[in-house]
Number of protein chains: 2
Amino acid sequence: MTSTFQATAVVGAGAVGSFFGAMLARSGHPVTLIGRAPHMQAIASHGLQLHWAGGVETVRLGATTELDAVRDADLVLFCVKSTDTESVARQIAPLLKRDALVLSLQNGVDNAAAIARQIRQDVVPAVVYVATAMPEPGVVKHFGRGDLVIGPLDAAAVQDGAQDGAQDASQDAAQDAARDGELLQRLQAVARLFDAAGVPVRVSPDVMAELWRKLMVNCAYNAISALSQLPYGRMAALPEIVDVQQAVVREVVAVAQAEGQHLALDAALQAMHDIARAMPAQLSSTAQDIARGKPTEIDHLNGYVARRGAALGIPAPVNQTLHALVKLLETARTAA
Amino acid sequence: MTSTFQATAVVGAGAVGSFFGAMLARSGHPVTLIGRAPHMQAIASHGLQLHWAGGVETVRLGATTELDAVRDADLVLFCVKSTDTESVARQIAPLLKRDALVLSLQNGVDNAAAIARQIRQDVVPAVVYVATAMPEPGVVKHFGRGDLVIGPLDAAAVQDGAQDGAQDASQDAAQDAARDGELLQRLQAVARLFDAAGVPVRVSPDVMAELWRKLMVNCAYNAISALSQLPYGRMAALPEIVDVQQAVVREVVAVAQAEGQHLALDAALQAMHDIARAMPAQLSSTAQDIARGKPTEIDHLNGYVARRGAALGIPAPVNQTLHALVKLLETARTAA
């Protein structure tokens, strides 16, 4: 295994993937974006227009619609929508370099495990903190932050869909330690690569808890914003909605704790409240998907919490209700 | 007290009130509708056009926008939206005949008690089973049924907002029995009056339980239809939504039982399922209110169950969530 990376591919290069790919490319690292035709064609013709730090920069980097391009990469930024994770992971499985590292830059807590069930290479979950948008093909706008938290995936999560947080006892402990040490070196190499590109990366042993915290916030905002087509500030202005959001957070924390993740309820509630103040004009990605008639990630947000809650015997009626209502909107928009 | 009625006023004459008023009027009983100007003006000019039993009939009856017209009535059909119950009851209180009987033909289980807190006259809840619409001012269409269940209001419900189903022990038992007997005679007089007009009326000692059963169905359908703007058949086609509806029913039945009402869960679930099959194309009244930017009755449907549940220590998170979401849609439509 190498502990430096020669070439990166971004699979599912929308706004988020294109941003991080462009940051690596402008630091001199070879990057190929793999995404939809209009965006890829615009980049191939004119480069990627990156609105960033108050200016606009043209970033030249590879752009293709063909998954085959992952063959050349030893680092893969996996950025597809959660709904496509399994099928895309299955498609790239036979194409990946033997020692490639796959970094999942996705919402939800189950994506890295879902990828790992399809491929033999190392898969590392990343918590993504960035506000970006793609106003038109070939153009990516950066609004805020742009940092990552990465860390090892729970072995148990891969084996059976995150049944609990217990350690995998089936392997020899010494072998485990060696593998853990090797993975840690690779994570530090990822951090060095991004750091050199101006993207802060924190390596955390507790990345899963951090993913759960982000999931918790998404569960409290995404569905309600989608159902009302209202931004976070308008939601927070109605006390009945804040009560519902608090109920969502309590359910997510209870399910996370049953999964062995250490989320504190008070901190979670505070983090939830802070979001509406920090981003009052934000419409959730789920709201944008519904408005555009596109499938949402709700099965991996409130739907995931409801399913895991049911499996673990933790009641999650509010998450279940929000999930069902967004599913109903999806069918209304697609089959009307 | 008289046990026959000389004149009826319909307060809040929309589609439902105009239908029952017209049925009484065409049987020869004096009726005055009190409602909004366009509908009243059309009726005053051309009579009420009643689409009924495959034909159209012109029914002549009084029509005014003035609440003052309740002065002449010994029977008042109270048909305003639940949101207006308290203020309209307070307005008619000084106008009502001393021995008038007020029949609440409204959704929800708390309207008759709310009226009774404002006036000294007898108030009787009615469960209304009718499908009607008012396609334009002066025109009422009848689609199905058209019968009522009436019965005595719980004394306890009036005193303190339906704290429980216990009997009021503060009055002398003999006096109670005399009052009960007198009220029963008046209910039978109401039944005779409507029966003579072709409107079946059942007098039931258990009218409150029947109101709760109707509330349960409304709680399971109205909010979800409003949030999705979809009819009942489309809702029933999504298993996740049916799960949510079942959760709603379980919560309503638990709250009703804590109120001392005898609702059976299995029968309630069956009744809930039957509605989608019976009315697959129906959009809820709440959905229509939201679509028209009008205030809804949600505070008296899921909102009532959530409030009573909270007061009684019965969890009702799904009703609470649906209530909050519809409130959010109301603010979105009215303050956008």
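The values are calculated or read from the model by the stated rules, or taken from the named source; none is laboratory data. Owing to the predicted nature of the structure, the values given are computational and were not obtained by experimental measurement. Here Cβ is always computed from backbone atoms with ideal geometry, including for glycine, and neighbour counts include all displayed protein chains. Keep in mind that these areas ignore ligands, DNA and RNA; they rest on the heavy atoms of the full protein, side chains included. Shrake-Rupley method; radii C 1.70, N 1.55, O 1.52, S 1.80 Å.
A few comments on the model shown:
- Considering the range B:194-223, and only residues there that are farther than 14 Å from B:N107 by Cα and open to solvent by 30 Å² or more (accessible area, probe 1.4 Å), the residue that is farthest from the chain's Cα centre (by Cα) turns out to be B:A196.
- Matching option when the condition is open to solvent by less than 20 Å² (accessible area, probe 1.4 Å) and over 18 Å from the mean Cα position of the chain (by Cα), among A:A73, A:A113, A:A69, A:A53: A:A73
- For A:A226, the conditions (1) away from chain B (no Cβ under 11 Å); (2) crowded, with 17+ Cβ neighbours inside 10 Å all hold with the exception of (1).
- Against the criterion of being within 17 Å of A:V318 (Cβ to Cβ) and within 14 Å of chain A (Cβ to nearest Cβ), B:G303 qualifies.
- A single entry from B:R277, B:R250 fulfils the requirement of being assigned to a helix (DSSP H, G or I), surrounded by fewer than 23 Cβ atoms within 10 Å (Cβ to Cβ), touching a residue at least 12 places away in the same chain (Cβ under 8 Å) and away from chain A (no Cβ under 14 Å): B:R277.
- A search for C-beta distances below 7 Å between a residue of the range B:121-135 that is under 16 Å from B:Q106 (Cβ atoms) and any residue that is open to solvent by 40 Å² or more (accessible area, probe 1.4 Å) and of a type in the set (V, I, T), counting only pairs 6+ apart in sequence or on different chains, returns B:V128/B:V16; B:V130/B:V16; B:T132/B:V16.
- Meets criteria (assigned to a helix (DSSP H, G or I), at pLDDT 95 or above, open to solvent by less than 50 Å² (accessible area, probe 1.4 Å) and closer than 25 Å to A:Y129 by Cβ) for A:A13: no
- Residues (part of a loop (DSSP other than H, G, I, E, B), crowded, with 18+ Cβ neighbours inside 10 Å and either out of contact with any Pro (no Cβ under 7 Å at 6 or more places or on another chain) or at the interface with chain A (Cβ under 7 Å from one of its Cβ atoms) (or both)) located in the range B:230-240: B:L230, B:L238
- The range B:253-269, residues that are over 20 Å from B:S204 (Cβ atoms) and either over 21 Å from the mean Cα position of the chain (by Cα) or open to solvent by 40 Å² or more (accessible area, probe 1.4 Å) (or both): B:A254, B:A258, B:L265, B:D266, B:L269
- Unique residue being small (G, A, S), open to solvent by less than 60 Å² (accessible area, probe 1.4 Å) and at positive phi when the list is A:G293, A:G309: A:G293
- Set B:A324, B:A310, B:A287: member being within 14 Å of chain A (Cβ to nearest Cβ) and under 30 Å from B:R145 (Cβ atoms): B:A287
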